[in-house]
Amino acid sequence: MRTMMMSATLKVVALAELKPVFALLEGWKDFLARLWQYVNDVHKIGNLQLSVTTVLEGVLIFIVALFLSRTLSALLQRRIAKRAYIDPGLSYTLGRLTQYLILTIGLLLALKLALNLDLTSIAVVFTALSVGIGFGLQYLAADIASGFILLFERPVRVGDRISIGNQEGDVQSINLRTTVLMTNDRVSVIVPNSKLVRDQLINWSYGDPRARLAIPIGVSYEADVDLVTKTLLRAAEGVDNVLQDPPPKVQFLEFADWSKNFRLLIWTNRPRLHRQIRSDINYRIERLFRQAGIEIPFPQTELRLRGGALQLDSGDRLVTDEKSGAVEPQ
């Protein structure tokens with residue numbers, strides 16, 4: 001009996017000691033209930049209905065879409081790259097389009113879930129954005145539209161060697177707004193996509209792998225035409241990446257003011273190396289012309305005097321005698 005009374009007393013004491021804990025748990029339960037009600041409470045902003053929960057879910061969906069777009073794009077490019085018969089530029093294009101498609105779908109789902117938008121409302125939002133783009137962001141819109149043109153039409157592909165303006169390099173990537181070129185100096189040049197679509201450019205890797213290069217040269221009027229022709233053809237012999245079929249050819253262009261102008265035409269299957277090929281041939285032309293005694297003239301001005309004389313003043317300047325006639329440049 002005494003044992004039962006002591007046990008009951010201990011239980012009462014234990015319950016008395018746990019009472020603050022129960023009160024704390026009740027307080028946390030109450031707090032969590034109010035927090036859950038708050039995050040699920042729907043707020044209206046105009047025609048939009050949103051809550052903290054739906055916004056967080058929309059953000060989560062967009063993050064998942066961003067991750068999936070990058071992962072699937074890289075996976076698709078790797079799978080296509082293993083097929084040797086498929087153009088490498090095509091794998092890049094398909095990868096980019098897959099990434100943009102997944103991002104677009106993820107963004108639409110995120111907006112629908114976070115803001116409870118239907119497709120009509122989303123179309124209205126994008127229409128409003130397009131109006132804003134038309135007024136203030138037309139250059140950005142032109143770059144983005146040009147990016148899709150480059151991906152679909154593919155006049156410029158990843159890996160191509162292009163020249164635009166005074167810049168030349170290999171295409172490293174075609175992004176949504178810009179294209180990255182890598183020059184021979186290992187410098188990255190960022191070019192807006194609209195510039196590639198709008199301006200004239202040279203794609204050294206497009207179409208036929210062969211290209212014809214023209215190397216102009218002027219010689220003095222005393223030089224023998226046949227000797228010049230033979231020397232220029234010799235300059236194209238044995239040069240790396242210069243084809244012998246079709247063979248090199250020399251053209252006599254014109255009788256210029258100070259020189260007789262020729263040009264050497266050569267064919268190459270490595271057009272992206274055109275600068276180095278021109279340099280190699282110019283070195284050979286200079287050496288062979290010097291050995292053959294062929295002079296490369298420079299601009300000259302001939303003065304003709306009419307019954308007068310020329311004198312040098314104290315400053316070594318050329319002047320005419322006042323009683324002499326005028327000096328006529330020819």
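The values are calculated or read from the model by the stated rules, or taken from the named source; none is laboratory data. Note that this is a predicted model, so its numbers are computed, not measured. Note that each Cβ is placed from the backbone with ideal geometry, even for glycine, and that neighbours are counted across all protein chains shown. To get the accessible areas, we keep the full protein, side chains included, count just its heavy atoms, and leave off ligands, DNA and RNA. Shrake-Rupley method; radii C 1.70, N 1.55, O 1.52, S 1.80 Å.
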* **Neighbours by Cβ (under 6 Å, 6+ apart or cross-chain): first from the stretch 195-207, in a loop (DSSP other than H, G, I, E, B); second of a type outside the set (Asp, Glu) and surrounded by 11 or more Cβ atoms within 10 Å (Cβ to Cβ)** => Leu201/Ile162; Leu201/Ile164; Trp204/Arg161; Trp204/Pro271; Trp204/Arg272; Ser205/Arg161
* Structure fact -> Residue pairs qualifying under the 6 Å Cβ cut-off, at least six apart or on distinct chains, with the first in the stretch 146-167 being touching a residue at least 24 places away in the same chain (Cβ under 8 Å) and more than 13 Å from Asp199 (Cβ to Cβ) and the second being open to solvent by 40 Å² or more (accessible area, probe 1.4 Å) and basic (Lys, Arg), are Leu151/Arg96; Arg161/Arg272
* **Out of Gly132, Gly165, Gly147, Gly169, sole residue that is within 22 Å of Ala65 (Cβ to Cβ) and either at pLDDT 75 or above or surrounded by fewer than 16 Cβ atoms within 10 Å (Cβ to Cβ) (or both)** => Gly147
* **Filter result for the condition that a residue is farther than 30 Å from Arg210 by Cβ, open to solvent by 100 Å² or more (accessible area, probe 1.4 Å) and either at pLDDT below 65 or not in a strand (DSSP E or B) (or both), over Arg304, Arg290** => Arg290
* Structure fact -> Conditions (1) more than 22 Å from Arg272 (Cβ to Cβ); (2) of a type outside the set (S, T, N, Q); (3) crowded, with 17+ Cβ neighbours inside 10 Å -> Phe152 fails only (3)
* Asked: Which members of the stretch 77-92 meet the condition of being surrounded by 14 or more Cβ atoms within 10 Å (Cβ to Cβ) and either modelled with pLDDT of 80 or more or over 22 Å from the mean Cα position of the chain (by Cα) (or both)?
  -> Ile80
* To do: Count, please, the residues in the stretch 218-246 that happen to be assigned to a loop (DSSP other than H, G, I, E, B), surrounded by 12 or more Cβ atoms within 10 Å (Cβ to Cβ) and in contact with a strand residue (DSSP E or B) (Cβ under 9 Å, 6 or more places away or on another chain).
  => 6
* To do: Restricting attention to the stretch 251-269, report how many residues are of a type outside the set (A, V, I, L, M), free of Cβ contacts under 8 Å to residues at least 40 places away in the same chain and over 20 Å from Arg234 (Cβ atoms).
  => 2
* Asked: Is it true that Gly95 is open to solvent by less than 60 Å² (accessible area, probe 1.4 Å), within 20 Å of Gln172 (Cα to Cα), modelled with pLDDT under 70 and part of a helix (DSSP H, G or I)?
  -> no
